[in-house]
Amino acid sequence: MDEVVQLEKVCKSFVENKVLDNISFSVKTGESLCVLGRSGVGKTVLLKIIVGLIRPDRGRVKLFGRDIFRIRRSELLKLREDIGFVFQNSALFDSMSVFENVAYPFVRKDVDEAQVRERVLHMLEMVNMKGSEYLRVSELSGGMKKRVAIARALVTEPRLVLYDEPTAGLDPGTGSTVIEIIGRLNEEKKNTAIIVTHDLDVALSLADRVLFLHEGRVASELTPSEIAEGKSEEITKLFGGQEGTYEN
Ligand SMILES: Nc1ncnc2c1ncn2[C@@H]1O[C@H](COP(=O)(O)OP(=O)(O)O)[C@@H](O)[C@H]1O
Ligand SMILES: [Mg+2]
């Protein structure tokens with residue numbers, strides 16, 4: 001099965017608020033898709049639909065060829081084990097060490113300790129966090145937390161990785177480091193990824209394809225070079241030279 005994710009005519013409203021209106025796209029193995037859109041457009045809702053946390057009002061969602069709203073819950077949970085999710089707020093366990101956080105996906109799995117240790121240390125090295133395994137989450141900066149969250153999402157080598165606003169709240173320098181790391185991981189691990197973002201740099205740096213989400217619809221679908229050439233006036237207008245709020 002070449003298609004990792006398929007959405008067909010997905011619609012979702014919250015009472016009067018029509019958030020997603022007839023969204024269709026698919027992502028193939030090894031592909032990196034960015035969904036670019038302004039704050040509040042429905043990017044997080046879209047990711048939650050993809051993992052089956054929110055049920056759409058209409059439409060179909062397939063993961064690895066399976067219609068996730070037509071299978072048993074136990075099967076959905078099994079499919080989710082093949083997905084790494086990097087949350088917008090990193091969502092680390094504050095009371096645990098960096099090592100324990102990254103090793104967490106192996107809890108209750110039959111993997112021997114030495115192998116877990118090797119995987120965790122390898123992933124920490126991949127995100128430039130070698131030697132930080134005994135630090136507490138409370139000792140980390142925002143950028144370090146993000147890198148640990150990425151290591152945790154990828155440690156089991158999932159078939160699909162979802163990133164929710166990977167650079168949100170980071171200063172530009174730290175954001176660039178995170179972009180560089182995600183790009184390197186995509187390449188070296190041949191990850192299939194969906195990255196939702198309001199940061200044009202993320203889309204230009206990491207996407208094979210960019211879906212521009214606007215007013216509930218896929219307003220355009222472009223390659224990063226087409227965007228850089230200014231083929232979407234709307235994207236240039238909405239995202240050119242924007243500033244974010246920072247946290248280090
Ligand atoms: N559980 C919910 N109940 C009601 N409205 C929601 C819920 N989740 C999201 N929304 C609304 O859906 C819209 C899109 O939200 P979201 O996906 O978080 O946007 P973003 O693109 O910033 O991630 C917003 O108007 C938000 O208020
Ligand atoms: Mg969001």
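A short reminder: the numbers here are calculations on the coordinates, not readings from a lab. Quick caveat: nothing in here was measured; it's all calculated off a predicted structure. Every residue, glycine as well, gets a Cβ built from its backbone with ideal geometry; the counts of neighbours run over all protein chains shown.
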>> Using helices alone, I'd like the mean residue ellipticity at 222 nm for the chain: each DSSP H run of four-plus residues gives -39500 (n - 2.57), total over residue count, nearest 500.
In response: -10000 deg cm²/dmol
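Just to confirm a number: summing +1 for Lys and Arg and -1 for Asp and Glu over residues other than D112 whose beta-carbon lies under 15 angstrom from that of D112, what do you get? It would help to have the intermediate numbers written out before the result.
Numbers: positive: R108, K109, R117, R119; negative: D110, E113, E118.
For residues surrounding D112, the net value is +1.
Can you give the extra length, in nm with one decimal, that the chain gains between L77 and E118 once fully stretched, where that is 0.36 nm per residue apart less the Cα-Cα distance? Spell out each step's value before the answer.
Values: separation 41, 0.36 × 41 = 14.76 nm, distance 2.59 nm.
The L77-E118 span can extend by a further 12.2 nm.
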>> I want to verify a result. In a Gaussian network model of the chain, Cα cutoff 10 Å, which of these has the top mean-square fluctuation: G216, G230, G169?
In response: G230
> Among all the lysines, which ones have a C-alpha under 24 Å from K130's C-alpha, if same-chain residues fewer than 8 places away are not counted?
Replying inline: K145, K146, K189, K190
> If contacts are Cα pairs under 8 angstrom and at least 6 residues apart, what is the relative contact order of the chain in percent?
Replying inline: 26 percent
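If the chain between C11 and R159 were fully stretched, how many nm would it gain, using 0.36 nm times the residue separation less the Cα-Cα distance? Mind dumping the intermediate values first?
Numbers: separation 148, 0.36 × 148 = 53.28 nm, distance 2.55 nm.
Full-extension gain reported as 50.7 nm.
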> Using modelled backbone amide H atoms (1.01 Å from N, in-plane), which distant-in-sequence or interchain residues come within less than 5 Å of H214's amide H?
Replying inline: A219
> Top mean-square fluctuation among D199, D171, D94, Gaussian network model of the chain, C-alpha springs under 10 Å?
Replying inline: D94
> lysines near K18 by alpha-carbon distance under 20 Å, same-chain residues fewer than 8 away left out - which ones?
Replying inline: K9, K43, K48
> Most mobile of F106, F87, F212 per a Gaussian network model of the chain (Cα springs, under 10 Å)?
Replying inline: F106
>> Straight-line reach from K109: which aspartates and glutamates fall under 18 Å, measuring Cα to Cα and dropping same-chain residues less than 8 apart?
In response: E75, E81, D82, E100, E118, E157
